Every structure is written in structure tokens, then in C-alpha cells.
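Single-structure report; data block below.
The values are calculated or read from the model by the stated rules, or taken from the named source; none is laboratory data. From a predicted model like this one, the values you see are computed outputs, not experimental measurements. Glycine gets a Cβ as well: all are built from the backbone with ideal geometry, and neighbour counts include every protein chain shown. Ligands, DNA and RNA are stripped out before the accessible areas are found, and what is left, the full protein with its side chains, is counted by its heavy atoms. Shrake-Rupley method; radii C 1.70, N 1.55, O 1.52, S 1.80 Å.
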Amino acid sequence: MTTEVRLSSQLDVGGARAVRYQTQGGAIAALQAGQPGAVPVLLVPGYTGSKEDFAPLLDPLAAAGFLVTAIDLPGQFESHGPDDPVAYTPDLLGLTVRAVAALVGDRVHLVGHSFGGLVCRAAAIAEPSAFASLVLMDSGPAALSGERSEQIELLRPALDELDLGVLHHIISGSETNAPGYVSPTAELYAFYRKRFVAGSKAMLAGMGQALLSEPDRVAELAAVDLPMLVLYGAGDDAWSPATQHDMAQRLGVEHVVIAHAIHSPAVENAGATLDALITFWRAHSAPPSGS
């Protein structure tokens, strides 16, 4: 079944401001919207993604009274990263998330999309007291399987042989046959290419390996005393909706299915995603100023 999506632009960041956070591992690029002192939210993107994947959420969350920060993980787009693929495990990237969270505010609401969910899970398991809550957005209990894992397997040898610009052209061509594919505008395609080429080959290799080998850590996460939400698109083609529903049950937490969305609900159905996030956060934090 094909899922119809309502695509919003990752290029429209509204009133969000560009900021950089200095961490022990290097500078982290971010977009931030909202007023200092508001309830802090930290958004972490997935594999081959960036902070712009949350663009449609930034201004509305700020208007709702939150201080929202979206980042590029090390090696992604505008954040420098190590040259060694082994530096890109969820546990090591979780150290960066914890460092940025400490700079953003006290007890941050944490959101991890896709691979970013594995990173945020590691951060929450390691230091739950740093966070007010955790949202796993289109993320799963363990390693990827199926078609997406096959794509990563095919990418690995090509990283050693091909220029990233050539790789992006090949990957983009293969995606046109995917169910529910929505052709990007020329401007958006140019952005996708720009950020892919700006990324680190070590990042692509390391995160790819982590996606293929991540163990099931649901029991560890379930033992953490932290409000959690599992949120995913109705047509998710990475971890299946059934897999994510089962994960929510194992965690003993609520799950929300976003209609008219596949694997990126923040851009495919921003309105429903915003409603779910704001409802969840307001149930688990003091009322934000101005709300």
C-alpha cells in the first residue's frame, strides 16, 4: 500500500538562528528557535540526515513556548567529525548528545529520528538524569534489516571507490522507484546533494556499520526511569510499524502513529507530529512560558 505524504520543505527554517556548540569532540552545528529559559528540546537526526530535517517543527515549537535545538551529529553536513569510522557508534555519539544537552539547558526533552534514535537511546541509558523525556521517532529496537540494510551493504564498498557526488547521484536515482516517492524540487534536490557531499565518508561508513550491527537494547532502556514516547509514520519503510509498536509495548510506553507519513514525519506530516510532541511534552514538564 502506498502512503500519501504531505511534504513540507526542509529549506524553510523560519526564524531559527544558526548556532554552534563547542564540545570536547569538536564544534556541533545547530538551528535554534525559541526564548532562553523556555523548556528545552533537543532534536537529533538520522543517517545521511541533518538538522534541517526538523525545519517544519522549529518555529511552531518556539511559538508553543519551547526552546528547540536541532543539530548535525559529528560528520554530518556542517558538523566536523573524526576520520575513523569506529567513532560513530551510538554510545560514542551519545557522548556528544549529552554534551550538547548540557549546554542547551537543564533536563532536556530529547528526540531521536531513525539512527538518531539509537544515539539518543544510548545517551538516555548512560545518563537519564540529563533528560526530561525521550521520543523515539521512526527508530527501532535493534539493527536494520530488509531493503534499507541491503542499501547500506551496497554503499560500503562504494565509499572506498567513488566520489560522494557520484554516490549521491546513484542513490538518488535508486530512490525514485521506492513506494510513495515524492520528487523533490530542484532547490531541495540541490540541498540534499550539498549536505551529502559535505558529510564525512568515515561518518557514512561508521553509522552504516552501526545500523547493521546495533544490538537490541530495549530491556536496558525499559529499566530507565524516564517518560518515553514511540512515534512513527504509518508507512515506515525502515523499521516496520509493527516492530515499533512491539517496541513500545516492551517499553511499556505510549505510541503514536502519524498518518500520511513514511519515515520522516517531521516533514511528511508536520502538523500531526507537532500535535503529538507538544501533547507529550506538556504532560511531562512544567508549562512553558507564554503557553
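Some values worked out for this structure:
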quantity: Cross-chain or 6+ apart pairs with Cβ under 8 Å, the stretch 145-167 first and open to solvent by 80 Å² or more (accessible area, probe 1.4 Å), then in a helix (DSSP H, G or I); calculated: Q151/I171; Q151/S174; E153/L212; R156/A205; R156/G208; R156/Q209
quantity: Odd one out for S264 among (1) modelled with pLDDT of 95 or more; (2) more than 13 Å from M137 (Cβ to Cβ); (3) open to solvent by 20 Å² or more (accessible area, probe 1.4 Å); calculated: (2)
quantity: Residue under evaluation V135, criteria (1) among the β-branched types (V, I, T); (2) open to solvent by less than 20 Å² (accessible area, probe 1.4 Å); (3) without any contact (Cβ under 8 Å) to a residue 40 or more places away in the chain, criterion not met; calculated: (3)
quantity: Every pair of residues 6+ apart whose Cβ atoms lie under 9 Å, when the first sits in the stretch 240-254 and is closer than 12 Å to L229 by Cβ while the second is acidic (D, E) and in a helix (DSSP H, G or I); calculated: none
quantity: Index of the failed condition, A64 passing every other in (1) open to solvent by less than 10 Å² (accessible area, probe 1.4 Å); (2) aliphatic (A, V, I, L, M); (3) touching a helix residue (DSSP H, G or I) at 6+ places or on another chain (Cβ under 7 Å); (4) within 28 Å of G271 (Cα to Cα); calculated: (1)
quantity: Odd one out for A55, checked against (1) open to solvent by less than 20 Å² (accessible area, probe 1.4 Å); (2) more than 17 Å from G116 (Cα to Cα); (3) among the hydrophobic types (A, V, I, L, M, F, W, C); (4) touching a Ser or Thr at 6+ places or on another chain (Cβ under 8 Å); calculated: (2)
quantity: Helices (runs of 4 or more DSSP H) wholly inside the stretch 202-281 that include at least 3 residues being out of contact with any helix residue (DSSP H, G or I) (no Cβ under 7 Å at 6 or more places or on another chain); calculated: 241-251
quantity: Close pairs (9 angstrom Cβ cut-off, 6 or more residues apart or separate chains): under 14 Å from A210 (Cβ atoms) in the stretch 91-104, among the acidic types (D, E) anywhere; calculated: G94/E127
quantity: Criterion: within 22 Å of A124 (Cα to Cα), surrounded by 15 or more Cβ atoms within 10 Å (Cβ to Cβ) and of a type in the set (A, V, I, L, M) - qualifying residue of V257, V230; calculated: V230
quantity: Number of the condition not met by S79 [criteria: (1) closer than 17 Å to T48 by Cβ; (2) modelled with pLDDT under 95]; calculated: (2)
quantity: Residue that is farthest from F191 (Cα to Cα), among those in the stretch 25-48 that are in contact with a His (Cβ under 8 Å, 6 or more places away or on another chain) and open to solvent by less than 10 Å² (accessible area, probe 1.4 Å); calculated: V41
quantity: Residue list for the stretch 148-194, filter: modelled with pLDDT of 85 or more and among the acidic types (D, E); calculated: E150, E153, D160, E161, D163, E187
quantity: Identity of the residue in the stretch 5-21, without any contact (Cβ under 8 Å) to a residue 60 or more places away in the chain and in contact with a helix residue (DSSP H, G or I) (Cβ under 8 Å, 6 or more places away or on another chain), that ends up least open to solvent (accessible area, probe 1.4 Å); calculated: A16
